[in-house]
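What follows is a set of notes on a single structure, which appears directly below.
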Amino acid sequence: MENQTLKKYARLIVKTGINIQPDQTLVVSSPVECADFARLIAQSAYEEGAREVVMNWVDEVSTKIRYLYGADEIFDEFPEWRKEFYLSYAKKGAAFLSISASDPELMKEVDPVRIARANKATRQGLKEHSERLMSNLNAWCVVSIPTRAWARKVFPDIPEGQAVDKLWTAIFQSVRADLADPVEAWDQHKKALKQNIDQLNQMQLQWIHLKNGIGTDLRVELPANHIWMGGSEETADGVEFIANMPTEEIFTAPYRKGVNGTVVSSMPLNYNGNLIEGFSFTFQDGRIMDFHAEKGYDTLKQLIDTDEGSRYLGEIALVPYDSPISNMKTLFYNTLFDENASCHLAIGKAYPVCLQGSESMNNEELKNAGINDSLIHEDFMFGTADLEIEGLTRDGQKVIIFRDGNFAL
């Protein structure tokens, strides 16, 4: 890829995604394979006035070796120094950037129980840090760049080098980094998303009903005083940031005990190096009462059995079928991209910021208001070309929100 385009992408992430502030610290979590790009991020952050850029390197191959050969008890442990690493920077006002790029099938030989235990220990250890991010106390952003294994999975019928280049091109298009002024392009994109957000917030829907031809028939109640969000968000200090790049979604939190019916996945889910395919959930009074998967059943079971909250929904997000990433007709096997090509739900923790007045509520008050809590938050896709979504407003009016997979507002 041309160095100039890479620099534009790095600058876009720093200026628009994270929106680094003068003298602020940036913590970058990156796969070792993405080191060159992570260094470009660091250089751009310093040029924009960052005080310090802290690198947190991740090596998924080493992680796999640990899963295969490590002593059994280590998968229930989380070192105190790692918890302190994140919290100490968070409490000093740092921003957090994650480069999400992994081999979608790297962990298929690993016992899913070990992965589930390790994930649970990690999430328990980082619970306070995660709650800070999901409450927007710190700016955060998730982005991606190609890795060789990921590119081979997405484009298996061409040579590896061509696959990597093709994935770079797709990523640049999805985040508007290929345009003359990506920062300005994102300003326009945020304004476009806001139009639908404002309409939905004015409606204050009681529920929405999702239905399509592959078997989804699900009614999702929404809490009183819920907030639809999308595009950019703001920290408690009023700093605008974009949590995911790309982003095409607008989202809110479902009412915890108000989900009934069945939802069928429309795309595979890459969960920590394991693919889950052809799966569905059946809900009653908000809780997953039954589930199926053609592939990855054990991985899915471990996921929804993480804790009590992982049997409930934490997010509903609307993405038109006729959207830039969907129109690429590419299955990315990476939630960051696939969730922006399809309407999706998330099991697990809800974003408290999707409820008016949440900043003054404790966990018990949030739960009583219908906001789910969990150690996990995992998106899965259900959107299709024939998706229909109907809603009921607070004043009792039925409205068509989606018709034939797209907004009908």
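Remarks
- In this label model, Asp36 and Ser88 are separated by 3.3 nm, measuring between points 7 Å along each Cα→Cβ vector.
- The chain shape via C-alpha gyration tensor axes, a/c threshold 1.5: rounded
- 3J(HN,Hα) from dihedral phi, the range 38-51, Karplus parametrisation 6.51/-1.76/1.60, rounded to Hz, x for glycine, proline: 4, 5, 4, 4, 4, 4, 5, 5, 5, 5, 8, x, 4, 6
- Cα centre as origin, Lys/Arg/Asp/Glu Cβ charges: the chain dipole, Debye: 140
- Rounded if a/c under 1.5, otherwise prolate or oblate - the range 107-164, Cα gyration tensor axes: oblate
- Amide H within-cut-off set for Asn406, under 5 Å, with H built and near neighbours excluded: Tyr321
- Summing +1 for each Lys or Arg and -1 for each Asp or Glu among the other residues whose beta-carbon sits under 12 angstrom from that of Gly70 gives -1.
- Compactness of the range 208-294 - radius of gyration and Dmax, Cα, Å: 15.8, 46
- Nitroxide proxy distance, nm - points 7 Å out along Cα→Cβ at Asn3 and Glu308: 5.7
- In the chain, the DSSP beta bridges split such that about 75 percent are antiparallel, to the nearest 5.
- Cα centroid separation, the range 45-73 to the range 331-383: 25 Å.
- Shape of the range 196-249, Cα gyration tensor, a/c cut at 1.5: oblate
- Straight-line cross-link reach from Lys398 at under 16 Å between alpha-carbon atoms covers these aspartates and glutamates, not counting any fewer than eight positions away in the same chain: Glu221, Glu388, Glu390.
- Pairs exceeding 32 Å between alpha-carbon atoms, taken from Lys83/Lys190; Lys8/Lys349; Lys92/Lys120; Lys8/Lys153; Lys7/Lys153: Lys83/Lys190; Lys8/Lys349.
- Stretch gain in nm, segment Gln43-Ile158, where the contour uses 0.36 nm per residue and the Cα spacing is subtracted: 38.1 nm
- Restricting the calculation to Cα atoms, the range 3-174 shows an Rg/Rh of 0.99 when the hydrodynamic-style radius is the Kirkwood one.
- Residue order, fewest to most beta carbons within 10 Å, for Arg311, Arg219: Arg219, Arg311
- Evaluating kT/(6 pi eta Rh) at 37 °C and 0.692 mPa s, with the Kirkwood radius of the range 80-211 over Cα pairs in the Stokes-Einstein relation, gives 173 µm² s⁻¹.
- Two-site FRET efficiency, Glu294 against Asp23, from Cβ-Cβ distance with R₀ of 56 Å, rounded to 0.05: 0.60
- Ranked Val264, Val28, criterion: other C-beta atoms within 10 Å, fewest first: Val264, Val28
- Interchain or long-range residues, amide H under 5 Å from Ile250's placed H: Leu318
- Relative exposure of Arg148, Arg256, judged by other C-beta atoms within 10 Å (fewest first): Arg148, Arg256
- Taking the chain as a Gaussian network of alpha-carbon nodes connected by springs under 10 Å, the highest mean-square fluctuation of the residues Asn274, Asn196, Asn363 belongs to Asn363.
Throughout, read-outs are computed from the coordinates displayed, never taken from laboratory work. Since the model is a prediction, treat every value here as computed from it, not as a measurement. Cβ: placed from backbone, ideal geometry, glycine included. Neighbour counts: every protein chain shown.
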